[in-house]
Each structure stands twice: as C-alpha cells, then as structure tokens.
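Novice: Mind having a look at this structure? Questions to follow.
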Amino acid sequence: MNSQFNYKVLVIGTGPGGYVAAIRASQLGLKTAVVEKDKLGGVCLNIGCIPSKSLIYQAEVFRSIKQLEHMGAKVDLTGFNYENVFNKSRKSADTLSKGIEYLLKKNNVDVISGEGVITGEHEVTINREKQISAENIVIATGSRPKQIPGFEFDGEYVLSSTDALFIKKLPKSMIILGAGAIGMEFAHIFNAFGVDVHIVELMDYILPMEDRETADVLHKSFLKRGIKISVSTKAVSLNKQNGLVELVTEDKDGNKDSLQADKILVCVGRTPNTDNIGLENINIEVEKGFIPVGDYYRTKLNSVYAIGDAINTPLLAHVASKEGEIVVEHIAGKNPAPAIDPRHIPSAVYSVPEIGSFGYTEEKAKEAGIDYKKAVIPYKASGKSIAVEHTEGIVKIIIDSKTNEILGAHIAGAGAADLIHEILLAKTSELLPQDIATMIHAHPTLSELVMESMRAACGWAVHI
Amino acid sequence: MAEKLPMLALSPTMEEGIIANWLKKEGDKISSGDVICQIETDKATMDYETTAEGVILKIVVHEGEKAMVGDTIAIVGAKDENITSVLEEPQNAKPAKPSEMPPEKTGSIDREYDKNARESETENRKEQIKASPLAKNIARQHGIDLSLIRGTGPEGRIVKTDIEKYMKEKTGAPVSGISPVLKDQVVELSGKRKIIAERMTESMFSAPHFYLKIKINAGSMLNARNKLNAPLDDKNKISLNAFLIKFTAEAIKKHPVINSSLKGDTLTLHANIDIGIAVELKDGLITPVVRNCAGKGIIQIDRELKQLIEKARNNTIRNDEFTGATFTISNLGSYAIDEFSAIINPPGSAILAIGKISKEPVISEDNSIEIQSVMRVTLSCDHRVIDGATGAKFLAELKNIIENPVNALL
C-alpha cells in the first residue's frame, strides 16, 4: 500500500507545527517530506516568537542602563544604533532556521522547496509543475497578520507585526492598535528604546484573554513607564499626512478624539493561510478562514489533516507542535489523545512584567458558574523578588471549592512564563494544591511564590 | 512555643472522631476548660474541653473531617507565632500533656500496636492502586472504592475522568432500554453511620456468630405488666423492655458466661450486668445502658431507661451512658417483626433479638389447642466464648422466668 505513494506523510509548512510533525513522523518510521515556500521554521522562527524575543531581551539590556547609572557608571549612548539591535534579532532567527534544516536532515525528512497546492486527496503540486503523492497530507500553513479595512498595511506608516520586526530605525512615536499579546510585547520593546507608545484597545481592558488581575499588573506597570493606554476605544479612521499618521478614535460614550504618531502598528489578530492552498480541489470549505477538523485534527477527508493556526485552536506555536505530534502518532497507529485539552495550554506574554497562564480565568470561572476559590500572592511576598528588584506582580490560582482541583493559574511578573509550568504539571497530573504547598522549594527563588500561592489556597500562607 | 491539640479519646472505645463543629475559630483566644469544638464520636456528639492556653493559630481538621485519636486537630500558641515548624513535625511526634492523654492509652500498648499495624496494612493496599491525588480526593468525597475503577492515565493511573465516568455509569445506567428518569441520590455518611458500619463489620467478621431461637409464652409477663400498670398513669407505665431487661438480668445471673467479654487471650466475666437496649435514632442507632440490672427493681430500671432514651433522642446522652454494655437487647416487636437475628454489640458476647408478641394456637401437653401470646426470641452468641449448650441453657432459663415471673424471685 505504501509503495503507491511517494510519501506516507507530506507536511505543508515548516513552522512549529509542520517541522515538529515531520520529525516526529520520521521518528515513528513514516516516510516523510515537508514543503516550504519560504524559510524553514515558519513565522515563529523567522518573523514571530524568536526575533521578537531577541528584541525583548535587548530592550531589557537597554533598560538596565538606569541600573548602571545607579551604580555611578556613566553610559554614553551617542553611538547607539537600533539597526544593530535589529541585526542581532535576525541573527537569532537565521541561526534557528538553520537549526531546523539540520534537524530535518538528521531525521531523514525530505525538504521540498516551493509553494505546495493540494490537487487531490493524496496529491500536492509544487510550484504548479511537480506532483507529489502522499498517503497522508498535513496542512500546517500557519497564519499572517490580520488586515482590517481602512487600516491596510503599507509597511511605512501602517505596520503589521512582521513590519515592526523589520524596523531598522526607531520612530519617535507609535500607536499600537490592539492590546493582545503581540501588541503588548511591541509596546514593551519600543517603550524600552524610548519610543512614545500609545496603545488603543476596543475591549475594556488590555489582554482581554487574560485574567483581569494579572492584566491589571501589566496595565499599571506600563502606565508607570509612560506608555499611554486607551481602552474601550474604537479606531474609526486613519489619515496619513506630513509624514505622520492620524488616528480618529471614539470612546464608549461616542466621544471622538484624534491621536498622532509617526507610525501605527496594527495587531488585531491573525488570518489563517488557508486561501491559495488548493482546498477547493478537495472540496474542503473553511469556516471564518479556519479548516474544520475532528478528532486527531483530521478533516472530512481521511487522508488530510490540519493543525496549528490553520485551524480554530489557540494560535500558539506550542499548540501547533502538539497538534502535529497527535496527527502523526495517530497516523503511525499509536494511541494519542484525540485532541489537546484546551484547559492544559499555557500561554505567555513576554513583556515586562511577563505573563504566564493557563486554564480558567476568574472571569471565565464565574461565567461558567463554577464554585471556585482563589489565592493571590504578591511578588512582594518573596525575598528573591525584592533582592532582584522584580517586586511587580502576582501569582493567582483558581481552585475548585469542592474538589480542590486546580482550574487555572495566572502569573504576572518576572519569570512568569517559566514559573507557570510547575502549576501546569500539577494540573495535568492532577496534583492538589497541598502537593505543591508541602513540596520544598529552594530559597530564595521566585518559585517560592508558587508554593506560597498553594499554601494560601490551603489556608496557611506563611509570608503574607 | 505553639502546641498541637490532639483528638482526644472521649470514650473508652473511641478510635476516631469527626469534628461536628468548631465553637472557636482561628485567631480566637482560648483558656483551659473552654469547649473549643464538638466531636461526633461512636454514638453521640461530645464537647471537646481543652487544657491549653493561647490563641488558635490554625485549625487542621475542619468541620465534617475525621481524625484518629492522637491526630492534631488544631494548633495553639502565642498570637502571630510562626507555626511552620510545628506543622512540619511528623504527625506521630506529638507529646500531649498527661491530662490530655486519652484515658485508656496507659497499658494498652497492644491495642495501639494492633491499630498501627492495621493502618499500615490498609495504607499498603491503597498504595497499590495508582490514582492521582485529585482522583483520590473526589473518590473519597463520594465514597467510591478506587479498586472498582480502571485507570486510563499514564501507567494505568486512575484520573479524574475515570471517576467521573464511573459515577456516570453507576447512576445513569439505562434499565431495560428506557433511560432512567429517577437518579440515585449519593449521600455522605454521617459519623454515626460510619462508626456503626465499622463496628458491625468488625463484630460480624471477628466474632463467629451462631443463633438460637426459642418461642416463649409471654402471657404471664403481659399479665404481670397489666397488673403493675393498672394504677399508674400513662407516662409512668412500665415498658415491656424494662421487663425484658429485668428477666434477662435474672437469667444471666445463673449463666455468667453470657455476660462476658473476650479480649486477646483473656475472658472477663463482668461482675455487673449492664444491659444495653438498641434505640432507633434519625441517623443511626444507639444503645443506652442500664447499669447493674441484677441489683435493681423493675420500676427503677424502667425509669432509668426512659431517661436514657430521652437523652439519646435529644443528643445529650453522655458517652458513659451508652458504651460498655455487657449484654444487649434489640426489640423489633413494635415493627411487627416475627423474629430476627442481631449482630453482637461489642464488648458483649451475645445479643438477644426480640420479635413481636402474637396470639398463636399452641398444642399443649394434653393435646388440647390453646391460644397463647407467643414471643419469638433469637440469641446471637460469639462462639469463641459461648458454646451451643451454654447459650441454650441460658435461653431455657430466660423462657422459664418469662413464663413464670415468680421464678425471678428465686
């Protein structure tokens, strides 16, 4: 049966969904190829997670000038050139992209360069000329920044998140439309390098997907740093004139206002790359751009699967990777869980302060009518956070009142995106708060805050 | 220095107790003699008087939770004292003040040892079942036996969904193709119920029971009762149970082994005949004990019995008023039960089960048919202590006394 196709698994796209699926498939003994029209690694490595983390790291280095000055050092900024920051971020992306190339090769995955279009339920055509057959096709084509009418990206005044990564010269001022994770990270980066940043958000608070209390930590911190934030504010129209953009806004009472800046960064979500991949050839219809899938991320065709940003699951690199693993393990006849449990997905915002979270927010728990209790521990309760001057933040956990099950955890503060995993491990292995509360945590660490929050949940916090 | 308050043995037989309610809360100041909480024990709710002084820093065992005797239920110390180190001490390293030592602890090392051995054995068995802490917690809350559940987690571990599936299957199983409209109700056991369950199981499985049945002509007893009661007003009328207690005590006098307790390799033949009588309560049953029945007249027995039952129903009965029966009577006659067999109530070695008194035709010695008020009684005996013939002799004696009350005078 295998011999009638070129490959057992053919993956379209090499982002964190596609390349992980391909490597895992090959590990499981399936003959596998990937198709990539651009650089290996997809958005995440090239124009997403990785270069932005490089910028965030460098922003923190730049911000620490104040610390040096506090020590009496004189820092001469005359030679500062943001282009060097940019170049470094590209270097990290290129290094990792090469790393993917190496990993695919090492795992005997064939890499096919070109644009893949599905032309049959077992067939993908490369650059409109070469047909490749596969028993199973995995669509991992990802997404791109969402464009909204009236705010079309022009790369100069109206920027997408991709454009923002490629800025070589800092603007004086920037409006950021949309206070989701991407918008907040750029607000942090550009503010750190001295850009006057103004965030405009339609919802009534920033990071609308996060727990309100943790979002508030970030909100207050940003205000302190001089970032302007307008929530419950609608972007009505945009004019470009005299080298500036003017954004007309309307607040919830209908009052209009106008903001001016050098540039506007539009981060209002992402659009799945499901057009131009040949779905019409196999009669798959998208829903709001997303490919409908069932268990094991299989489409209505037995031979076609879709994962990552192309389907309607959280648009996160680690979600795409896990979905890819589930698909190929299923193809290989293993017995993976048929889908990711959405309550077990960690999410992170790599601003300063950082946010790490999973599961029920307090708002969602309330909405669902769950009988919950919460424990909130401020970072100030930790010796470590005071010593390393990261006193902003909270660790918040949501617990089922009856069973003590951990329902969600929300951390805002230094190291949040790393700290969250201890609680998530407890959650996925069904440990109870007392299990973490009684586990010894090294002193002094920020992890002690996690222990303390669990003790608070058990009613015996020691340090507050 | 903060100290731990242990669960006290509020009765000689108490091995564990449930906190019925806390009368003090964390942060409250307490001093010696204060009643800080109420404990649901074997059969009654008792006050917990403390001998400690200070502030309650932490309540360890909350309302509705169970603690073994000696387990820490709360921590007392100076206001704002750091109790981390106290909390982290292992449970069994708890030097209680002598006054707080459970009264029966001295000299009962064997019992203590047995208890520990038993506990670790159960623990071992539990250990063999792999289940997540959350799954264990939910199972405990719903009284689900984990050994009945197949785990689907890593390495066959029982996880939350397995328990949920099990509960769903148990309560929602369709009967003959029709989906059920009525749902089973799952009720958490009361402390009394749990203790009854434990004690009855222990009795049934440690004491080999055998049963002796006899028919007794209750006519003379009923006549005697009618005569005695005629001049009395309703509330002073002597109950049938008082008669039964009195006559049983007289029969026991002649067969003292019926009135004994087996403990390890020794048999205690009790000097006093303390007869417990099973009384139904809303959430279980209780056996108030009339002490030294052989030395008391029927009127006194009846008066004491009435007081005890009253207290039991008001939940004000003291621990020493319902424990340590050397013999027990269970009377279901008022429920129109013909006859039944009862489970022995430790530390006793036998129990008498009384059925209803009904008029029956009886063929007498001279072949004539006579209508008698017949009462069927069943004696359950612990065969480790009482042999068949011994039990039979006692029953014959009892029958003789009931049928000829005057024999009680002998």
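Novice: Within region A:337-396, take every residue that is under 23 Å from the mean Cα position of the chain (by Cα) and aromatic (Phe, Trp, Tyr) and give me the one that is surrounded by the fewest Cβ atoms within 10 Å (Cβ to Cβ).
Specialist: A:Tyr350
Novice: Within region B:158-173, work out how many residues are assigned to a loop (DSSP other than H, G, I, E, B) and in contact with a helix residue (DSSP H, G or I) (Cβ under 8 Å, 6 or more places away or on another chain). Full working, then the answer.
Specialist: From region B:158-173, those assigned to a loop (DSSP other than H, G, I, E, B) are B:159, B:173; that's our starting set.
If we keep only those that are in contact with a helix residue (DSSP H, G or I) (Cβ under 8 Å, 6 or more places away or on another chain) as well, we get B:159.
Of the residues in that region, 1 qualify.
Novice: State whether one or more residues within region A:346-364 are outside any helix (DSSP H, G or I), farther than 19 Å from A:Val462 by Cβ and within 14 Å of chain B (Cβ to nearest Cβ).
Specialist: yes
Novice: To continue, here is another question. Going through region A:236-273 one residue at a time, which ones are surrounded by 14 or more Cβ atoms within 10 Å (Cβ to Cβ), assigned to a strand (DSSP E or B) and in contact with a Gly (Cβ under 8 Å, 6 or more places away or on another chain)?
Specialist: Once the filter is applied, which keeps residues that are surrounded by 14 or more Cβ atoms within 10 Å (Cβ to Cβ), assigned to a strand (DSSP E or B) and in contact with a Gly (Cβ under 8 Å, 6 or more places away or on another chain), region A:236-273 yields A:Leu238, A:Leu265, A:Val266, A:Thr271, A:Pro272.
Novice: Look through region A:450-461, keep the residues that are closer than 21 Å to A:Val388 by Cα and hydrophobic (A, V, I, L, M, F, W, C), and return whichever of them is farthest from the other protein chains (Cβ to nearest Cβ).
Specialist: A:Val450
Novice: Another question about this same structure. Out of the residues in region A:367-391 meeting the condition of being in contact with a strand residue (DSSP E or B) (Cβ under 8 Å, 6 or more places away or on another chain) and assigned to a helix (DSSP H, G or I), tell me which one is nearest to A:Ala179 (Cα to Cα).
Specialist: Among those residues, the one meeting the criterion is A:Tyr379.
Novice: For region A:43-76, give me the residue count where each residue is touching a helix residue (DSSP H, G or I) at 6+ places or on another chain (Cβ under 7 Å) and of a type in the set (Gly, Ala, Ser).
Specialist: The number of residues fulfilling the criteria is 3.
Novice: Among A:Ser133, A:Ser92, A:Ser143, A:Ser97, which is the only one that is under 27 Å from the mean Cα position of the chain (by Cα) and farther than 21 Å from A:Asn273 by Cβ?
Specialist: The match here is A:Ser92.
Novice: Follow-up question, since we're still on this one. Would you confirm, using the coordinates I've provided, whether A:Ile100 is under 21 Å from A:Asn6 (Cα atoms) and either surrounded by 17 or more Cβ atoms within 10 Å (Cβ to Cβ) or at pLDDT below 95 (or both)?
Specialist: Spelling it out, it is not the case that A:Ile100 is under 21 Å from A:Asn6 (Cα atoms) and either surrounded by 17 or more Cβ atoms within 10 Å (Cβ to Cβ) or at pLDDT below 95 (or both).
Novice: Among the numbered criteria (1) in a strand (DSSP E or B); (2) within 30 Å of A:Asn335 (Cβ to Cβ), which one does A:Val293 miss?
Specialist: Against the list (1) in a strand (DSSP E or B); (2) within 30 Å of A:Asn335 (Cβ to Cβ), A:Val293 comes up short only on (1).
Novice: Of the residues B:Leu57, B:Leu8, B:Leu23, which is assigned by TED's automatic domain parsing to the domain that holds B:Val86 and surrounded by fewer than 18 Cβ atoms within 10 Å (Cβ to Cβ)?
Specialist: B:Leu23
Novice: I've got another one for you. One residue is enough: does region B:247-268 have a residue meeting the conditions out of contact with any helix residue (DSSP H, G or I) (no Cβ under 9 Å at 6 or more places or on another chain), hydrophobic (A, V, I, L, M, F, W, C) and either in the same structural domain as B:Ile357 (by TED's automatic domain parsing) or not in a loop (DSSP other than H, G, I, E, B) (or both)?
Specialist: Yes, there is a match, as at least one residue in region B:247-268 is out of contact with any helix residue (DSSP H, G or I) (no Cβ under 9 Å at 6 or more places or on another chain), hydrophobic (A, V, I, L, M, F, W, C) and either in the same structural domain as B:Ile357 (by TED's automatic domain parsing) or not in a loop (DSSP other than H, G, I, E, B) (or both).
Novice: Restricting to region B:61-85, name every residue that is in contact with a helix residue (DSSP H, G or I) (Cβ under 8 Å, 6 or more places away or on another chain) and buried (at least 18 other Cβ atoms within 10 Å of the Cβ).
Specialist: Once the filter is applied, which keeps residues that are in contact with a helix residue (DSSP H, G or I) (Cβ under 8 Å, 6 or more places away or on another chain) and buried (at least 18 other Cβ atoms within 10 Å of the Cβ), region B:61-85 yields B:Ile75, B:Gly77.
Novice: Can you tell me how many residues in region A:423-449 are over 17 Å from A:Lys373 (Cβ atoms), in contact with a strand residue (DSSP E or B) (Cβ under 9 Å, 6 or more places away or on another chain) and away from chain B (no Cβ under 12 Å)?
Specialist: Summing the residues that are over 17 Å from A:Lys373 (Cβ atoms), in contact with a strand residue (DSSP E or B) (Cβ under 9 Å, 6 or more places away or on another chain) and away from chain B (no Cβ under 12 Å) in region A:423-449 gives 3.
Results for (1) assigned to a strand (DSSP E or B); (2) surrounded by 14 or more Cβ atoms within 10 Å (Cβ to Cβ); (3) assigned by TED's automatic domain parsing to the domain that holds B:Lys263, shown as yes or no for each residue.
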| site | (1), (2), (3) |
| --- | --- |
| B:Lys356 | yes, yes, yes |
| B:Ile371 | yes, no, yes |
| B:Met375 | yes, yes, yes |
| B:Val385 | no, yes, yes |
| B:Phe394 | no, yes, yes |
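Novice: Sort through B:Lys213, B:Lys194 and tell me the only one that's part of a helix (DSSP H, G or I) and surrounded by fewer than 18 Cβ atoms within 10 Å (Cβ to Cβ).
Specialist: B:Lys194
Novice: Here is a follow-up. Within region B:316-354, count every residue that is loosely packed, with under 15 Cβ neighbours inside 10 Å and either among the small types (Gly, Ala, Ser) or under 18 Å from B:Ile195 (Cα atoms) (or both).
Specialist: Here the count works out to 4.
Novice: Among all residue pairs at least 6 apart or on different chains, which show Cβ distances below 6 Å where the first residue, located in region B:130-156, is at the interface with chain A (Cβ under 10 Å from one of its Cβ atoms) and in contact (Cβ under 8 Å) with a residue 24 or more places away in the chain and the second is charged (D, E, K, R) and in a helix (DSSP H, G or I)?
Specialist: Filtered contacts from region B:130-156: B:Leu134/B:Lys160; B:Ala135/B:Lys160.
Novice: Of (1) touching a residue at least 40 places away in the same chain (Cβ under 8 Å); (2) of a type outside the set (A, V, I, L, M); (3) closer than 19 Å to A:Val9 by Cβ, A:Arg298 satisfies all except one. Which?
Specialist: (1)
Novice: Looking only at strands (runs of 3 or more DSSP E) that fall completely inside region B:1-86, which ones have 2 or more residues that are more than 14 Å from chain A (Cβ to nearest Cβ) and closer than 30 Å to B:Gly348 by Cα?
Specialist: Fully inside region B:1-86 and qualifying: B:16-22, B:35-40, B:45-49, B:66-68.
Novice: On to the next question. Is there a residue in region A:403-410 that is surrounded by fewer than 20 Cβ atoms within 10 Å (Cβ to Cβ) and more than 10 Å from chain B (Cβ to nearest Cβ)?
Specialist: No; the residues of region A:403-410 include none that is surrounded by fewer than 20 Cβ atoms within 10 Å (Cβ to Cβ) and more than 10 Å from chain B (Cβ to nearest Cβ).
Novice: Looking at this structure, is A:Met184 in contact with a Ser or Thr (Cβ under 6 Å, 6 or more places away or on another chain) and either in contact (Cβ under 8 Å) with a residue 40 or more places away in the chain or crowded, with 21+ Cβ neighbours inside 10 Å (or both)?
Specialist: yes
The values are calculated or read from the model by the stated rules, or taken from the named source; none is laboratory data. On a predicted model such as this, the values are computed, not experimentally measured, just so you know. A quick note on method: Cβ atoms are made from the backbone with ideal geometry, for glycine too, and the neighbour counts reach across all protein chains shown.
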